[in-house]
Every structure is written in C-alpha cells, then in structure tokens.
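Enquirer: This is the structure I want to talk about, given as structure tokens.
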Amino acid sequence: MNILSAFTLTIIFLSGLCRADIYVITHRDNPVQSINETQLKDLYLARSQTFPNGESAIIYEAGDDELRARFIRLALGMRVRQFDAYWARLVFAGRVLPLNNVQQEAQLLDHISNNIYAIGYIDTLASAGLLKTLLVIQE
C-alpha cells in the first residue's frame, strides 16, 4: 500500500510541474510589440478597450475550461466565478458587450491571423506565421 501511495503522490507532484506557460498573442502586423500585466488586465476587465498605442482591441478568450481558468487566475488574479460575475454585471448594466469566446484554438488562431487588432491567449508557443507573442504568463 505504501508503494501505491508514493506512486500516486509522485504523479500528482509531477503533473504540477508539467504546466505550460500561457502566451498572449496578436497579429504579427499589430504595431504593439508587447504589453505588460496591467495593460492585459485592463483589457480583459474592460477597463480599457484599446492597445497601448490607442488602437481598439478585439479581445478573445479561450473556450477550453482549464486554459481559461489558468489565465483568469494567473493574469487577472481572480477565480472563474468572480470573473464571470464581474462580466455579467458589466454586460447587464449595458456598459460592454460580452468577450468574444472561441471553442477551439484553431478558431482563435484564425480570428487573430485575420485581424490586426485581435488579442487572445493560448498555451502553446505561437508559430512564426501571422502571429506574434505580446506577453508570456508563467505558471
């Protein structure tokens, strides 16, 4: 029984080490080269709708529940329920429209590669094609 317990604890410990970074991405032709954590937080909490250069941002969030929960926790410092309640209040008050949500990473990459001012996040390094990384959020 002790061997099974030790094996289980080892698996749990190693699974925590396998977490991937989160990459905040945009179109490669977006003039913004990087953003900081505060600017990212302002975008995703609707405190700002523009990039640091003043251009309007089209903000996307992932449909993958695990990635979304990690992003909300690491980048925004909130729990998913807090984030959802925050956005429900904003939308109900008529202050903003809901965030653009995509179900598949391929959809997100398609939207961002077709719009210079789109921003989103993924958990794999963006390929060199039409995308660039603005910020890396480390676990």
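The numbers here are math on the coordinates, done by the rules we state, and not lab data. What you see is a predicted model; the values in this text were computed from it and never measured. All Cβ positions, even for glycine, are placed from backbone atoms using ideal geometry, and neighbour counts span all protein chains on display.
Enquirer: Peptides 84-90, 23-29: what's the order by average Cβ count within 10 Å, highest mean first?
Expert: Packing proxy ranking, top to bottom: 23-29, 84-90.
Enquirer: Mind giving me the nanometre distance, one decimal, between the label points for MET78 and ASP65, set 7 Å out from Cα along Cα→Cβ?
Expert: Taking the simple label geometry, MET78 and ASP65 are separated by 1.9 nm.
Enquirer: What length, rounded to one decimal in nm, is gained on full extension from ASP21 through to ARG47, with 0.36 nm per residue of separation minus their alpha-carbon distance?
Expert: That pair, ASP21 and ARG47, stretches by 6.9 nm at full extension.
Enquirer: In terms of the Cα gyration tensor, with a ≥ b ≥ c the square roots of its eigenvalues, is the range 53-95 rounded because a/c is under 1.5, prolate because a/b exceeds b/c, or oblate?
Expert: Judged from the Cα gyration tensor, the range 53-95 comes out oblate (a/c at least 1.5, b/c at or above a/b).
Enquirer: Give me the number: length gained by fully extending VAL91 to THR124, i.e. 0.36 nm times residue separation minus the C-alpha to C-alpha distance, one decimal in nm.
Expert: 8.8 nm
Enquirer: Which of the listed residues, VAL91, ILE112, PHE71, is farthest toward the dipole's positive end in the range 52-136, when Lys, Arg count +1 and Asp, Glu count -1 at the beta-carbon?
Expert: Going by the Cα projections, it comes out as VAL91.
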